[in-house]
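Below is one structure, written out as structure tokens; comments come after it.
The values are calculated or read from the model by the stated rules, or taken from the named source; none is laboratory data. Remember, predicted model here, so these are calculated numbers, not experimental data. We place every Cβ from the backbone using ideal geometry, glycine too, and count neighbours over all the protein chains shown.
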Amino acid sequence: MAKLVVIINACFECNQRVAQPQSLRKYLVTKHSITIPDRTRAQWHSNNNFTYIKTTTAHDSIEEQLGCPAYLQHYSTVQELKDHYYSDHPGIIPPMHRQQQHRQSTNNDDSEAV
Ligand SMILES: [Zn+2]
Ligand SMILES: [Zn+2]
């Protein structure tokens, strides 16, 4: 059965929530100097696994997912969202942040070359 999910726009660096994907992009630029590419006008489409709903009311059967403002991708934790940014949008992360990430991570996989 498909899960009921609501897409949350949250900053992957500090977990700050904003109302709109556009606001999140603005927020990331202002606060973290991170520029997210513009998303196409694609919408979330419900599928076999997820039914996307819009609500501001918390409910037990509704799961919150953190959406990427650039891709139609969503994750259940900020850490997963962050991993997605670092692996799928390496160009948008300022060097300062990458070093931080490198310190936290023990994996030596040098994926700088793109
Ligand atoms: Zn933030
Ligand atoms: Zn993304």
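Things worth noting here:
- The residue that is farthest from ligand 1 (Cβ to nearest atom), among those in the range 36-51 that are surrounded by 14 or more Cβ atoms within 10 Å (Cβ to Cβ) and β-branched (Val, Ile, Thr), is THR51.
- Exactly one residue out of ALA42, ALA70 is within 16 Å of ligand 2 (Cβ to nearest atom) and modelled with pLDDT under 80: that is ALA42.
- ILE8 within 14 Å of ligand 1 (Cβ to nearest atom), touching a helix residue (DSSP H, G or I) at 6+ places or on another chain (Cβ under 6 Å) and aliphatic (A, V, I, L, M): no
- The set of residues in the range 52-76 that are over 16 Å from ALA42 (Cβ atoms), within 16 Å of ligand 1 (Cβ to nearest atom) and out of contact with any strand residue (DSSP E or B) (no Cβ under 7 Å at 6 or more places or on another chain) is empty.
- Test: residue in the range 19-29 that is touching a strand residue (DSSP E or B) at 6+ places or on another chain (Cβ under 8 Å), within 16 Å of ligand 1 (Cβ to nearest atom), farther than 20 Å from ILE92 by Cβ and at pLDDT below 95: yes
- The residues in the range 40-55 that are among the hydrophobic types (A, V, I, L, M, F, W, C) and assigned to a loop (DSSP other than H, G, I, E, B) can be counted, and the count is 2.
- Count of the range 1-39 residues which are farther than 24 Å from TYR86 by Cα and either part of a loop (DSSP other than H, G, I, E, B) or within 16 Å of ligand 2 (Cβ to nearest atom) (or both): 2
- Residues that are modelled with pLDDT under 85 and not hydrophobic (A, V, I, L, M, F, W, C), drawn from the range 73-97: PRO90, GLY91, PRO94, PRO95, HIS97
- Listed by first and then second residue, the pairs linking a residue in the range 1-28 that is of a type in the set (Asp, Glu) to a residue that is in a loop (DSSP other than H, G, I, E, B) and within 15 Å of ligand 1 (Cβ to nearest atom), with Cβ atoms under 8 Å apart and 6 or more places separating them unless they lie on different chains, are GLU13/ILE34.
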